Amino acid sequence: MSVGWNIMEERFWKDSKISGVISNLKPRLSYGVNGNVNGIGNFDVYGAYSQVGAKTYGGSTAFYNSGLVNTGLRWEQSQSFEAGLDIGFLNNRLSFIFDYYNRTTKDLLTKQALPGYTGFTEIMTNMGTLRNYGFEMEVRANILNNPKGLTWDVTANLSSVANKIVKLPYNGNPNNRVGGYEVATGRKKADGTDETKWIAGRQEGGKLGELVAYKQNHIFKDWDDVKKYANNRIDEVANLYGPGLAAQYAGKEGWQPIEPGDVCWEDINGDGVINGYDRQVVGNIFPKVTGGFSTTLGYKNLSLYARFDYALGHTIYNDLAARSLGQYQGSFNIIKEVKKTWSETNTDTDLPAFYYADQLSKKNITRSNNGLTAIDNNSSRFYEKGDYLALRELTLNYNLPKTWISKVGMTDASVYVTGQNLFYITGYTGVSPEPAVDTTYGRGIDNGRYPTPRTVLFGLSVTF
Ligand SMILES: [Ca+2]
């Protein structure tokens, strides 16, 4: 269902002087409901049976109930509201399209994990309500328009996306939370204990895609620095103690000293203990803003086209760098950043001292995962901003003059050279700054992806 008003078609508009400047003006509103059954398997409504090995049940073949029935499954329902405005100036040589959208998806088809004692790992449910909202904008400009000389067109678009979890099924937890981590807010309650909150996971009012880590404040330069920040510190994550506690812990089995070259973690609640309460959200896997722009410059038979795109606001966990500098298995190749790790002659750095098997010693890099590739609970140092601008395409095209090609029976012919994925401008240190949406270990993790291939093509296009 949609309505639009072509104001420039109205009599009063045509009669007014402003119609000479504003050539298009159209406010729009739309509302619609869509259904979706993507993500639902063939037998989710009916449940499933599987075979137990081959004749292993007293010499016979047996079957067991391997998938739960959910006869109440429904389609997902998306309600979209959109408000927009098209506006054009000077015979539409400059035009804008603005849109605001708000899409609420109800009855999301989601697999709900089940406790092991049920005998099942999960059940397909209509889990909750998610809202996506944002702005979209497009600009088109015909800056130069000389049929015998220069022409120049520019287009640009931008869209911002945010998501919010609106509703989850009742499960007795505050905000019907599923998963996530309990951390300290940094404030104390009246009785002196820590005020806590839940981050990441899924909860009503929360966002999808949050990344959680221990915040690296800096690398301890020397003993003075260790004593200044961590003299009486206990690190419960890796069983480390500060120099002031040496009398108590030195030589105690399973305990190691905090030394220069180790990470100075942020102690959120200031209790002198580093533990799970000292974790925080360090980013989100989803870009906040994406878009692109293109420009076409023409002079007679020659044209130059360039197309850029960008994404801003997403964070990537650079597991490849963490794994190499943490030497979780001791057999990985070492990246060149190892030269920047802390040593007695290189104390001003943001990379901890290079140890073998970080997960078995100081846990300066992989904090609570024992060296597994996992998105959360690592050092914040390896969560990198993925902001980038890419030159996606650059094409130089020359249309051969008609007088030449008509002699050999062609109607159109051009030669061109085109390059794709020519460069990124980014601060991300891995091979590709694009959001890691689909890797072996899940979204947001760069565990060694292939770079986007850079290609250069020379071509000849002929029409007879
Ligand atoms: Ca603490």
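Please give the number of the condition ALA200 fails out of (1) out of contact with any Ser or Thr (no Cβ under 9 Å at 6 or more places or on another chain); (2) farther than 27 Å from ALA113 by Cα.
Every condition holds for ALA200 apart from (2).
Which is of a type in the set (A, V, I, L, M) and away from the ligand (no atom under 16 Å from the Cβ), of VAL263, VAL282? Quick ask: steps written out before the conclusion?
Values: VAL263 fails: away from the ligand (no atom under 16 Å from the Cβ).
When all the criteria are applied, what remains is VAL282.
Check off (1) away from the ligand (no atom under 16 Å from the Cβ); (2) surrounded by fewer than 21 Cβ atoms within 10 Å (Cβ to Cβ) for GLY270 and give me the number that stays unchecked.
For GLY270, the failing item is (1).
Any idea which of ILE316, ILE334 is within 27 Å of LEU360 (Cβ to Cβ), among the hydrophobic types (A, V, I, L, M, F, W, C), more than 16 Å from the ligand (Cβ to nearest atom) and crowded, with 17+ Cβ neighbours inside 10 Å? Let's see the steps before the verdict.
Numbers: ILE334 fails: crowded, with 17+ Cβ neighbours inside 10 Å.
Criteria check complete, one pass: ILE316.
Report, by residue number, each residue of segment 313-350 that is assigned to a loop (DSSP other than H, G, I, E, B), of a type in the set (Asp, Glu) and under 27 Å from the mean Cα position of the chain (by Cα).
Residue satisfying the conditions is ASP350 alone.
For segment 197-221, which positions are modelled with pLDDT of 95 or more, touching a helix residue (DSSP H, G or I) at 6+ places or on another chain (Cβ under 8 Å) and among the charged types (D, E, K, R)?
The answer is LYS215, and nothing else.
What is the one condition in (1) closer than 30 Å to PHE308 by Cα; (2) in a strand (DSSP E or B) that ASN92 does not satisfy?
All conditions pass for ASN92, except number (2).
Somewhere in segment 454-464, is a residue surrounded by fewer than 16 Cβ atoms within 10 Å (Cβ to Cβ) and under 30 Å from ARG323 (Cβ atoms)? Explain how you work it out, then say what you get.
Narrowing segment 454-464 to residues surrounded by fewer than 16 Cβ atoms within 10 Å (Cβ to Cβ): 454-464.
Still in the list and also under 30 Å from ARG323 (Cβ atoms): 454-455.
Yes.
I'm checking my understanding of the structure. Among residues of segment 50-60 that are in contact with a strand residue (DSSP E or B) (Cβ under 8 Å, 6 or more places away or on another chain) and surrounded by 12 or more Cβ atoms within 10 Å (Cβ to Cβ), which one is modelled with the lowest pLDDT?
VAL52
Take the conditions under 42 Å from the mean Cα position of the chain (by Cα) and among the small types (Gly, Ala, Ser) and apply them to GLY35. Does it pass? Outline the logic, then answer.
On the way: under 42 Å from the mean Cα position of the chain (by Cα): yes; among the small types (Gly, Ala, Ser): yes.
Yes; evaluated as a whole, the condition is true for this residue.
Output the number of residues of segment 108-136 satisfying the condition of being modelled with pLDDT under 90 and under 22 Å from ASN34 (Cβ atoms).
9
If I go through segment 17-40 residue by residue, how many of them are assigned to a loop (DSSP other than H, G, I, E, B) and exposed (fewer than 12 other Cβ atoms within 10 Å of the Cβ)? Write out each step before concluding.
Pass one, segment 17-40, residues assigned to a loop (DSSP other than H, G, I, E, B): 21, 37-40.
Then drop every residue that is not exposed (fewer than 12 other Cβ atoms within 10 Å of the Cβ), which leaves 21, 37-38.
Qualifying residue count for the region: 3.
Note down all Cβ pairs under 6 Å where the first residue falls in segment 176-187 and is within 16 Å of the ligand (Cβ to nearest atom), the second is part of a helix (DSSP H, G or I), and they're at least six residues apart or on different chains.
Short answer, once both residue conditions are applied: VAL183/TYR277; ALA184/TYR277.
The values are calculated or read from the model by the stated rules, or taken from the named source; none is laboratory data. Nothing here was measured: the structure is a model prediction, and the numbers come from that model. So basically every Cβ, Gly included, is an ideal-geometry build from the backbone, and we count neighbours across all protein chains shown.
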